[in-house]
Structures are given as structure tokens and as C-alpha cells.
Amino acid sequence: TFFLNLSINICKEFLALFGCAQMRALFNEERAEEKMDNDMLEAYLFEMNTLLEQIDELVLGSEKAGTFTDEDVNEIFRIMHTIKGSSAMMEYNSLMTVAHRVEDLFFIVREKSMEVIPQELRPELFDLIFQAIDFFRSELEKIEQNEPLAEEDAGAARRRRIARTLGEASGETGEDEG
């Protein structure tokens with residue numbers, strides 16, 4: 001009952017300070033912000049699902065060919081850049097971080113060509129991209145279900161794996177990654 005009385009007293013103080021019209025305006029403003037947040041979330045989810053469908057098709061086709069074309073590399077880079085930016089805007093840090101690392105990988109491939117990834121490591125590259133896609137889909141499902149997202153530590157493990165793959169492709173060990 002203490003908290004109930006406290007809530008009633010706070011409401012009475014708000015009414016005394018602001019009057020009924022201002023109170024309604026405050027509540028309407030909160031509702032408008034909530035609607036805007038919901039609209040942004042819906043747009044984010046739609047965009048993410050669309051991008052993940054695109055990249056999934058692209059990677060499946062590239063896996064069959066055994067390599068990525070220059071066009072594929074540019075498209076994956078662009079998709080990851082968009083996912084990174086959208087996730088940062090929504091403050092989904094684990095999604096942003098994984099997208100950023102995949103974007104970094106494809107930046108290197110874009111700059112140096114697909115030849116930077118030795119033929120024997122390409123199956124691992126495809127597997128890595130599929131794991132990233134699965135991670136994004138899993139996180140989106142959690143967002144849709146209003147569940148907590150993966151901890152940053154899970155993202156760190158994926159980042160280390162991506163860094164290790166990058167290091168192997170460029171001849172570095174990548175063991176300093178944390």
C-alpha cells in the first residue's frame with residue numbers, strides 16, 4: 001500500500017502542477033513516442049528480414065560456384081553496412097558488432113579481390129557467413145518475441161572467429177584478438 005499511496009500522491013502533485021490539460025498532453029506525448037518507437041522497430045525488422053533473404057540467396061549461389069564475384073562482394077559489403085548502421089541506430093550492439101566484422105572482412109576482399117581468401121579456406125568463409133545469417137535471424141526472433149538479445153560475450157566469440165579467418169586469409173595468426 002505504500003507504493004500505491006506514493007503513486008497517488010505523485011499523480012496529485014502532477015495534477016496540481018500541470019492541470020488536467022497538461023497531464024493529458026504528457027500522456028499523449030508518451031503514446032506518440034511509443035508509437036514512433038513501434039513504427040521504427042517494425043521498419044527495422046522488415047528491412048533486416050529483407051536484407052537477410054537477399055544475402056542468404058546470394059551466399060547460397062556463391063557457395064555453389066565456390067567463390068564470390070566482385071558484384072557479390074560489393075552487395076554483401078553494402079548489406080552488412082546497412083545492417084550495421086540500422087542495428088546501431090536501434091542500439092542492438094551485438095548485431096551491429098557482428099555486421100561490422102563481416103563488413104570489415106568483405107572490405108578486405110573488395111580491396112584485394114577474392115584471391116586474398118585461399119581456395120581451401122573458402123568453405124569456412126561460406127560457413128562463417130551462414131553462421132552470421134543464422135545469428136541475425138536468431139536475434140531478430142528474440143526481438144520479435146521481446147526477449148533479451150545475445151550477450152556481448154557471444155558476439156566476442158563470433159568476432160574472434162571472424163578475426164581468425166581474416167588472419168588466416170592474410171597470413172596473420174590473429175591470436176592477439178580478445
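Candidates are the residues of region 34-79 that are β-branched (Val, Ile, Thr) and over 17 Å from the mean Cα position of the chain (by Cα); the one that is surrounded by the most Cβ atoms within 10 Å (Cβ to Cβ) is VAL73.
Checking each residue in region 48-72 for being under 14 Å from PHE126 (Cβ atoms) and of a type in the set (A, V, I, L, M) picks out ILE55, LEU58, VAL59, LEU60, ALA65. The residues of region 80-112 that are open to solvent by less than 60 Å² (accessible area, probe 1.4 Å) and part of a loop (DSSP other than H, G, I, E, B), listed by number, are MET90, TYR92. For THR69, the test of being within 15 Å of ILE133 (Cα to Cα), of a type in the set (Val, Ile, Thr) and modelled with pLDDT of 85 or more is failed. Residue count for region 113-153 under the criterion of being open to solvent by 40 Å² or more (accessible area, probe 1.4 Å) and of a type in the set (Gly, Ala, Ser): the result is 2.
The values are calculated or read from the model by the stated rules, or taken from the named source; none is laboratory data. Fair warning: this is a prediction, and the values are worked out from it, not measured in the lab. Because the Cβ atoms are built from the backbone with ideal geometry, glycine has one as well, and the counts that use them run over all protein chains shown. Just the protein is used for accessible areas: all its heavy atoms, side chains included, with ligands, DNA and RNA removed. Shrake-Rupley method; radii C 1.70, N 1.55, O 1.52, S 1.80 Å.
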